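> Mind looking over this structure? Questions follow.
Read the figures in this text as sums done on the coordinates, not as results from a lab. None of the values given here were measured: they were computed from a predicted structure. Cβ atoms come from the backbone with ideal geometry, glycine included; neighbour counts cover every protein chain shown.
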């Protein structure tokens with residue numbers, strides 16, 4: 001039976017949530033992990049089958065247990081779901097699922113008091129909260145003139161299955177990130193495509209080394225420290241050439257065009273006034289952090305974001321966001337899980353927390 005209150009509630013069992021759970025367990029804290037998914041794997045459960053381990057961006061090991069041997073041809077959704085499931089089982093993590101968190105509230109005005117987590121499976125009470133809900137459940141659809149008039153199909157990256165469903169159709173891909181160019185590469189092998197972005201994409205020819213990664217994360221971290229909505233790391237790193245993307249460039253799939261001015265029933269109206277007919281518009285326009293359940297805490301500031309001090313919400317030290325902003329990468333999520341637990345142990349309410357567990 002879960003203690004009432006427990007020391008910490010973790011919301012989400014993806015990379016960031018499992019990392020936090022590992023460090024909570026090591027430090028001997030009582031905790032519960034609540035996950036809205038039907039099974040292990042987090043957002044990886046929903047990635048398209050063609051996204052294989054050979055092409056997925058680098059995935060870091062979860063803390064304490066390395067990934068098993070990787071078959072480059074295996075879909076990332078299958079490999080990582082299996083890895084996360086094995087991780088939960090080996091550590092004996094009791095993940096409660098499917099549990100949807102509806103709201104998080106302060107029980108009283110005492111800054112060292114409890115938080116109440118209202119869920120589809122009843123209420124929980126905790127001294128601190130680690131939010132690791134990620135972004136996959138909140139795809140961003142931009143508001144664009146005439147979007148509702150389009151007679152073809154519109155979908156977001158979150159709904160993508162495979163390129164085969166688009167054979168014989170002209171596909172417009174909108175967006176300048178990694179997902180956009182990856183799907184352009186894939187779809188352009190089976191049908192015609194057009195690519196539109198708001199800004200000219202920035203490509204990197206040099207290797208993306210540890211220093212470049214550190215500098216990019218620092219820029220994202222500065223935004224969240226100021227209370228501004230986080231940007232993606234790729235917005236400051238640029239896009240990295242791969243052999244597959246160079247091949248896509250050779251066949252013209254990466255000939256980027258400036259954004260169209262409107263969407264019409266048969267296609268899109270280009271900046272020069274001509275109509276480009278299309279059958280499909282694929283919005284590779286990113287995601288937003290899933291934080292609506294935290295709204296009762298009134299954490300957002302005038303800049304539209306949440307001012308952060310590391311993983312800790314500056315205005316509410318009992319709440320930590322991991323897998324948010326600079327910690328949205330897998331390496332960042334691991335580090336954020338450890339940092340969040342270290343900070344939680346310093347809270348006045350944790351004065352009687354258990355000593356670290358010794359693992360043999």
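> Taking the mean number of other Cβ atoms within 10 Å as a proxy for protection, how do you rank 150-156, 46-52 from highest to lowest?
46-52, 150-156
> Same structure again: Determine, for each peptide in 282-294, 16-28, 255-267, 122-134, the mean count of other beta carbons within 10 angstrom over its residues, then list the peptides with the highest first.
16-28, 122-134, 282-294, 255-267
> Kindly work out what percent of the DSSP beta bridges joining two residues of the range 78-157 are antiparallel, to the nearest 5.
Values: 10 of 11 bridges.
Antiparallel: roughly 90 percent of the beta bridges in the range 78-157.
> For the range 66-182, calculate the relative contact order in percent as a whole number, restricting contacts to Cα pairs under 8 Å that are 6 or more residues apart.
Working: 66 pairs, mean separation 12.8, N = 117.
Taking the mean separation of contacting Cα pairs over the length of the range 66-182, I get 11 percent.
> What distance in nm separates the two pseudo spin-label positions at residue 49 and residue 67, each 7 Å out from Cα along the beta-carbon direction?
2.1
> Under the rule a/c < 1.5 gives rounded, and otherwise a/b versus b/c splits prolate from oblate, where does the range 41-200 land using the Cα gyration tensor?
Taking the square roots of the gyration eigenvalues as a ≥ b ≥ c, the range 41-200 is oblate.
> So if each residue of separation counts as 0.36 nm, and I subtract the Cα-Cα distance between residue 241 and residue 102, what length gain in nm does that give? Don't skip to the end; give the middle numbers.
Details: separation 139, 0.36 × 139 = 50.04 nm, distance 4.14 nm.
That pair, residue 241 and residue 102, stretches by 45.9 nm at full extension.
> Still on this model: The range 28-106 to the range 122-145: how many Å between their Cα centroids?
Cα centres, the range 28-106 to the range 122-145: 17 Å.
> Continuing with the same structure: Mind checking the full-extension length gain between residue 121 and residue 274? Use 0.36 nm per residue of separation minus the Cα-Cα distance, one decimal, nm.
Taking 0.36 nm per residue and subtracting the Cα distance, the gain is 49.7 nm.
> Then there is this: How much length is gained if the chain between residue 165 and residue 203 is pulled fully straight, taking 0.36 nm per residue apart and subtracting their Cα-Cα distance, in nm to one decimal? Provide the component values of the computation, followed by the final result.
Numbers: separation 38, 0.36 × 38 = 13.68 nm, distance 2.92 nm.
Gain on stretching residue 165 to residue 203: 10.8 nm.
> Related question: Once you keep just the Cα pairs under 8 angstrom separated by 6 or more residues, what percentage relative contact order results for the range 44-134? Spell out each step's value before the answer.
Details: 96 pairs, mean separation 17.2, N = 91.
Computed value for the range 44-134: 19 percent relative contact order.
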